[in-house]
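The values are calculated or read from the model by the stated rules, or taken from the named source; none is laboratory data. Here the structure is a predicted model, which means the values were calculated and not measured. For neighbour counting, all protein chains shown are included, and Cβ atoms are generated from backbone atoms with ideal geometry for every residue, glycine included.
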């Protein structure tokens, strides 16, 4: 009785304090439809913080899966997660919390009983006020229990569907004379989904220059994606995926096809928190499986099996006059089939994949064992460059790993150790710790053998491929005072063997520091400094000859501020300076931009616009910047040269079901032709 009185007294105090601490009140159990542009337009800082540090690396492709994340969040705004029945997988679908924070919520619920209100999240030890505020729109507390059968019926009843069509036009300096199709791309999509629990859909797309129909496109479009997915099913079978899907295991050493952050301003996002099976419903044409996957739960054990057969783009070499002896020399990851040479490299190899995993789950964490094997119709051959000496030269890949996650109060220990078909190994292990409610630290060690190879991966590190790297990462986030946040990381790592643009082993340093002052609902400003000290070849030639290695140093300084003049008008300003030093030559660049965001509450049209002034010495001093785009489309282009760029997005909510969008952009750069972009999108919700 005393405990209940204390909890209700605490709740009353939370309600009083939260009237000015939290930016928005908790949603009621009666859900209302949010504005269709509420999620994407609020994500600029989040996307940039997720990608800072990996945008100008070799594999900066993390924006490809953001569409899935924000569609999931849009669904959960309408259908919030019940805090008293939510699982780890429910929280992980939002990509808002670390595994340690998720476990802290579940541990609090187990010890204190059911949540009375979402505001009670403020009592969870590892959650800051900002993190509670970010989570509130997607969670609720429902009265009474709902059995599994009713849950499935509710999913079908509450599922939302939409059809969308998109096209665009842009001028380009590329030689389009060899394009075999029209320069207007077409994107068609239909999907019916209920959060992470159910999804079915089809995507049809042709990029600019790709032909329609013909023997190369029996389904008329160049890219066709179909999926059917169900999760959190009653009974032993928990997840089923048919068609195109992704597989995420451990920390990504064997397979990880979903979204995973690199070294960015979210310094604590260092561990993967995967859902084993996810639907693939994007226009990304590589990095997924095609076939079937199923996950079964038996007590404390979860077992998964998958099978896939998927065609791959690449380059084929003929070893003899006939076509009997063929070798696959390289992947092509662009997904573009515009010219005859690109079409000739389409679907020239096929990967047949089988895999399985078993996980033992306890309150303190989990341990899992994974195995996957790929067999290729055409065997691989090593490339001629020095850094390609350890590329696979066989017709198969095989990987096995052991992964773990433990939660010991405020400490989370995670990791994965893997071995491939050639007994090359890869290991990653890290600790995340909440020192108190104001300070968190993370430490990650990784060692990836130079010859370790997998097919689809996305690990924490520099290139996101688990190969030829060893390093230690330290990150810290601390609340210095009210409204003041400091976060940063330092990473020391080496590449033990040659790699692209480096013909010898190299030692590298990487660091970031960000100081933020935020007055919630009024304004915010931050200062960010990023410094990297790498080594690479003096020459960019790709011969196998050893060459001189010299430091390549890049430093960037950014100041960004945002002010909410009213509920309708928001201004965002940034100035960023970048400086690189290589071979004694210094290259500098500056970007200054001003954003205007208009979101009238009772008017069907909203707008975002930007004017950016660009002045960089060359491409080495380029600066990346996120641009608001069409709904659920993400652009993070490189700004370089001398000139300016401007764009405007208009979004018209014609009705509760129909949204029309128009985007126009214009760029002028000295020594290059003007860039003109036009894009439109229609989205009908049913």
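Here's the yes/no breakdown for (1) over 21 Å from the mean Cα position of the chain (by Cα); (2) in contact (Cβ under 8 Å) with a residue 12 or more places away in the chain; (3) in a strand (DSSP E or B):
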| residue | (1), (2), (3) |
| --- | --- |
| 615 | yes, yes, yes |
| 633 | no, yes, no |
| 655 | yes, no, no |
| 661 | yes, yes, yes |
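Listed here are the residues, each with its yes/no results for (1) within 22 Å of the chain's Cα centre (by Cα); (2) under 26 Å from residue 479 (Cβ atoms); (3) surrounded by 20 or more Cβ atoms within 10 Å (Cβ to Cβ); (4) at pLDDT 80 or above.
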position: 89; (1), (2), (3), (4): yes, no, no, no
position: 97; (1), (2), (3), (4): yes, yes, yes, no
position: 107; (1), (2), (3), (4): no, yes, no, yes
position: 115; (1), (2), (3), (4): no, yes, yes, yes
position: 125; (1), (2), (3), (4): no, yes, no, no
position: 129; (1), (2), (3), (4): no, yes, no, no
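Pairs, please: C-beta under 9 Å, at least 6 apart or cross-chain, first residue on the phi > 0 side of the Ramachandran plot and free of Cβ contacts under 8 Å to residues at least 40 places away in the same chain and in segment 335-358, second loosely packed, with under 15 Cβ neighbours inside 10 Å and assigned to a helix (DSSP H, G or I)?
Cβ pairs passing all conditions: none.
Would you mind stating whether residue 606 is closer than 28 Å to residue 659 by Cβ and crowded, with 18+ Cβ neighbours inside 10 Å? Please lay out each step first, then the result.
On the way: closer than 28 Å to residue 659 by Cβ: yes; crowded, with 18+ Cβ neighbours inside 10 Å: yes.
Judged against the criteria, residue 606 is a match.
Out of 583, 573, 556, which single residue is out of contact with any helix residue (DSSP H, G or I) (no Cβ under 8 Å at 6 or more places or on another chain) and surrounded by 15 or more Cβ atoms within 10 Å (Cβ to Cβ)?
On the way: 583 fails: surrounded by 15 or more Cβ atoms within 10 Å (Cβ to Cβ); 573 fails: surrounded by 15 or more Cβ atoms within 10 Å (Cβ to Cβ).
Testing whether each residue is out of contact with any helix residue (DSSP H, G or I) (no Cβ under 8 Å at 6 or more places or on another chain) and surrounded by 15 or more Cβ atoms within 10 Å (Cβ to Cβ) leaves just 556.
Looking at this structure, is residue 267 more than 20 Å from residue 448 (Cα to Cα), touching a strand residue (DSSP E or B) at 6+ places or on another chain (Cβ under 8 Å) and at pLDDT 90 or above? Give the steps one after another, and end with the answer.
On the way: more than 20 Å from residue 448 (Cα to Cα): yes; touching a strand residue (DSSP E or B) at 6+ places or on another chain (Cβ under 8 Å): yes; at pLDDT 90 or above: no.
Judged against the criteria, residue 267 is not a match.
Does residue 84 satisfy the condition of being at positive phi, surrounded by fewer than 22 Cβ atoms within 10 Å (Cβ to Cβ) and either at pLDDT 70 or above or assigned to a helix (DSSP H, G or I) (or both)? Full working, then the answer.
On the way: at positive phi: no; surrounded by fewer than 22 Cβ atoms within 10 Å (Cβ to Cβ): yes; either at pLDDT 70 or above or assigned to a helix (DSSP H, G or I) (or both): yes.
Against the criterion (at positive phi, surrounded by fewer than 22 Cβ atoms within 10 Å (Cβ to Cβ) and either at pLDDT 70 or above or assigned to a helix (DSSP H, G or I) (or both)), residue 84 does not qualify.
Report every pair of residues separated by at least 6 positions or lying on different chains whose Cβ atoms are under 7 Å apart, first residue within segment 556-569 and more than 30 Å from residue 580 (Cβ to Cβ), second at pLDDT 90 or above and part of a strand (DSSP E or B).
Close Cβ pairs (under 7 Å, with a partner that is at pLDDT 90 or above and part of a strand (DSSP E or B)) amount to 563/571; 564/570; 565/571; 568/598; 569/598.
Specify the residue that is surrounded by the most Cβ atoms within 10 Å (Cβ to Cβ); the eligible residues are those in segment 458-502 that are free of Cβ contacts under 8 Å to residues at least 24 places away in the same chain and closer than 25 Å to residue 552 by Cα.
490
Could you say whether any residue in segment 286-304 is part of a loop (DSSP other than H, G, I, E, B) and farther than 22 Å from residue 376 by Cα?
Looking only at segment 286-304, we keep the residues that are part of a loop (DSSP other than H, G, I, E, B), and these are 286-288, 299-300.
Okay, now just the ones that are also farther than 22 Å from residue 376 by Cα, so 299-300.
Within segment 286-304 (the criterion being part of a loop (DSSP other than H, G, I, E, B) and farther than 22 Å from residue 376 by Cα), the answer is yes, since at least one residue qualifies.
Within segment 263-285, which residues are surrounded by fewer than 22 Cβ atoms within 10 Å (Cβ to Cβ) and closer than 17 Å to residue 204 by Cβ?
Result: 282, 283, 284, 285.
I'd like to verify a number: residues in segment 559-570 that are outside any strand (DSSP E or B) and surrounded by 14 or more Cβ atoms within 10 Å (Cβ to Cβ), how many? Walk me through how you get there before you give the answer.
Kept after step one, since they are outside any strand (DSSP E or B), are these residues of segment 559-570: 565-568.
Keeping just the survivors that are surrounded by 14 or more Cβ atoms within 10 Å (Cβ to Cβ) gives 568.
Residues meeting the conditions: 1.
Out of 598, 592, report the one residue that is within 24 Å of residue 514 (Cβ to Cβ) and touching a strand residue (DSSP E or B) at 6+ places or on another chain (Cβ under 6 Å). Before you say what the answer is, go through the steps one by one.
Working: 598 fails: within 24 Å of residue 514 (Cβ to Cβ).
None of the other options fit; the residue is 592.
Looking only at segment 245-256, count how many residues are surrounded by fewer than 24 Cβ atoms within 10 Å (Cβ to Cβ) and in contact (Cβ under 8 Å) with a residue 40 or more places away in the chain. Before the answer, list the steps.
At the first step, the residues of segment 245-256 found to be surrounded by fewer than 24 Cβ atoms within 10 Å (Cβ to Cβ) are 248.
Checking which are in contact (Cβ under 8 Å) with a residue 40 or more places away in the chain leaves us with none.
Within segment 245-256, residues that are surrounded by fewer than 24 Cβ atoms within 10 Å (Cβ to Cβ) and in contact (Cβ under 8 Å) with a residue 40 or more places away in the chain number 0.
Restricting segment 627-654 to residues that are over 19 Å from residue 591 (Cβ atoms) and modelled with pLDDT of 90 or more, which is surrounded by the fewest Cβ atoms within 10 Å (Cβ to Cβ)?
Looking only at segment 627-654, we keep the residues that are over 19 Å from residue 591 (Cβ atoms), and these are 630-633, 649-654.
Pick out the ones that are also modelled with pLDDT of 90 or more and you get 649-654.
Working: 649: 23, 650: 16, 651: 25, 652: 14, 653: 17, 654: 12.
Taking the candidates together, the pick is 654.
Could we say that residue 402 is in a strand (DSSP E or B) and out of contact with any helix residue (DSSP H, G or I) (no Cβ under 6 Å at 6 or more places or on another chain) here? Please lay out each step first, then the result.
Details: in a strand (DSSP E or B): yes; out of contact with any helix residue (DSSP H, G or I) (no Cβ under 6 Å at 6 or more places or on another chain): yes.
Considered against the rule, which asks whether it is in a strand (DSSP E or B) and out of contact with any helix residue (DSSP H, G or I) (no Cβ under 6 Å at 6 or more places or on another chain), residue 402 comes out as yes.
Can you confirm whether segment 617-625 contains a residue that is assigned to a strand (DSSP E or B) and either at pLDDT 90 or above or within 26 Å of residue 586 (Cβ to Cβ) (or both)? Before the answer, list the steps.
Within segment 617-625, the first condition is being assigned to a strand (DSSP E or B), and the residues that meet it are 623-624.
So of that shortlist, the ones also either at pLDDT 90 or above or within 26 Å of residue 586 (Cβ to Cβ) (or both) come out as 623-624.
Yes, the conditions are met somewhere in segment 617-625.
Scan segment 204-223 and give yes if some residue there is in a strand (DSSP E or B), surrounded by fewer than 17 Cβ atoms within 10 Å (Cβ to Cβ), in contact with a strand residue (DSSP E or B) (Cβ under 8 Å, 6 or more places away or on another chain) and free of Cβ contacts under 8 Å to residues at least 24 places away in the same chain, otherwise no. Steps first, answer last, please.
From segment 204-223, those in a strand (DSSP E or B) are 204-206, 223; that's our starting set.
Filter once more, so that each one left must be surrounded by fewer than 17 Cβ atoms within 10 Å (Cβ to Cβ): none.
Looking through segment 204-223, none of the residues is in a strand (DSSP E or B), surrounded by fewer than 17 Cβ atoms within 10 Å (Cβ to Cβ), in contact with a strand residue (DSSP E or B) (Cβ under 8 Å, 6 or more places away or on another chain) and free of Cβ contacts under 8 Å to residues at least 24 places away in the same chain.
Going by the structure shown, is residue 198 in contact with a helix residue (DSSP H, G or I) (Cβ under 7 Å, 6 or more places away or on another chain), crowded, with 17+ Cβ neighbours inside 10 Å and without any contact (Cβ under 8 Å) to a residue 60 or more places away in the chain?
Numbers: in contact with a helix residue (DSSP H, G or I) (Cβ under 7 Å, 6 or more places away or on another chain): yes; crowded, with 17+ Cβ neighbours inside 10 Å: yes; without any contact (Cβ under 8 Å) to a residue 60 or more places away in the chain: yes.
It is true that residue 198 is in contact with a helix residue (DSSP H, G or I) (Cβ under 7 Å, 6 or more places away or on another chain), crowded, with 17+ Cβ neighbours inside 10 Å and without any contact (Cβ under 8 Å) to a residue 60 or more places away in the chain.
Within segment 420-428, can one find any residue that is surrounded by 24 or more Cβ atoms within 10 Å (Cβ to Cβ), in contact with a strand residue (DSSP E or B) (Cβ under 7 Å, 6 or more places away or on another chain) and under 27 Å from residue 497 (Cα atoms)? Even if it seems obvious, please write down each step before you answer.
Kept after step one, since they are surrounded by 24 or more Cβ atoms within 10 Å (Cβ to Cβ), are these residues of segment 420-428: 426, 428.
Imposing the further condition that a residue be in contact with a strand residue (DSSP E or B) (Cβ under 7 Å, 6 or more places away or on another chain) reduces the set to 426, 428.
Remaining after also requiring under 27 Å from residue 497 (Cα atoms): 426, 428.
Yes: one or more hits.
Somewhere in segment 529-548, is a residue touching a residue at least 60 places away in the same chain (Cβ under 8 Å), touching a strand residue (DSSP E or B) at 6+ places or on another chain (Cβ under 6 Å), outside any strand (DSSP E or B) and more than 30 Å from residue 434 (Cα to Cα)?
No, segment 529-548 has no match at all.
For segment 429-457, which residues satisfy the criterion of being without any contact (Cβ under 8 Å) to a residue 60 or more places away in the chain, buried (at least 23 other Cβ atoms within 10 Å of the Cβ), over 24 Å from the mean Cα position of the chain (by Cα) and not in a loop (DSSP other than H, G, I, E, B)?
none
Yes or no: residue 514 touching a residue at least 12 places away in the same chain (Cβ under 8 Å) and more than 19 Å from residue 266 (Cα to Cα)? Step through it out loud before you land on a result.
Working: touching a residue at least 12 places away in the same chain (Cβ under 8 Å): yes; more than 19 Å from residue 266 (Cα to Cα): no.
For residue 514, the condition - touching a residue at least 12 places away in the same chain (Cβ under 8 Å) and more than 19 Å from residue 266 (Cα to Cα) - is not met.
Any chance segment 330-350 includes a residue that's closer than 26 Å to residue 229 by Cα, modelled with pLDDT of 90 or more and in contact with a strand residue (DSSP E or B) (Cβ under 9 Å, 6 or more places away or on another chain)?
Yes, the conditions are met somewhere in segment 330-350.
Of everything in segment 669-683, what is part of a loop (DSSP other than H, G, I, E, B) and modelled with pLDDT of 90 or more? Give them in sequence order. Break it down into steps so the answer makes sense when it comes.
As a first pass, look at segment 669-683 and keep what is part of a loop (DSSP other than H, G, I, E, B): 670-674.
Scanning segment 669-683 gives a single hit, 670.
Is it fair to say residue 232 is in contact with a helix residue (DSSP H, G or I) (Cβ under 9 Å, 6 or more places away or on another chain), surrounded by 17 or more Cβ atoms within 10 Å (Cβ to Cβ) and at pLDDT below 90?
On the way: in contact with a helix residue (DSSP H, G or I) (Cβ under 9 Å, 6 or more places away or on another chain): yes; surrounded by 17 or more Cβ atoms within 10 Å (Cβ to Cβ): yes; at pLDDT below 90: yes.
For residue 232, the condition - in contact with a helix residue (DSSP H, G or I) (Cβ under 9 Å, 6 or more places away or on another chain), surrounded by 17 or more Cβ atoms within 10 Å (Cβ to Cβ) and at pLDDT below 90 - is met.
Filter segment 635-648 for residues that are more than 11 Å from residue 614 (Cβ to Cβ), in a strand (DSSP E or B) and touching a helix residue (DSSP H, G or I) at 6+ places or on another chain (Cβ under 9 Å) and give the result.
Correct list: 635 only.
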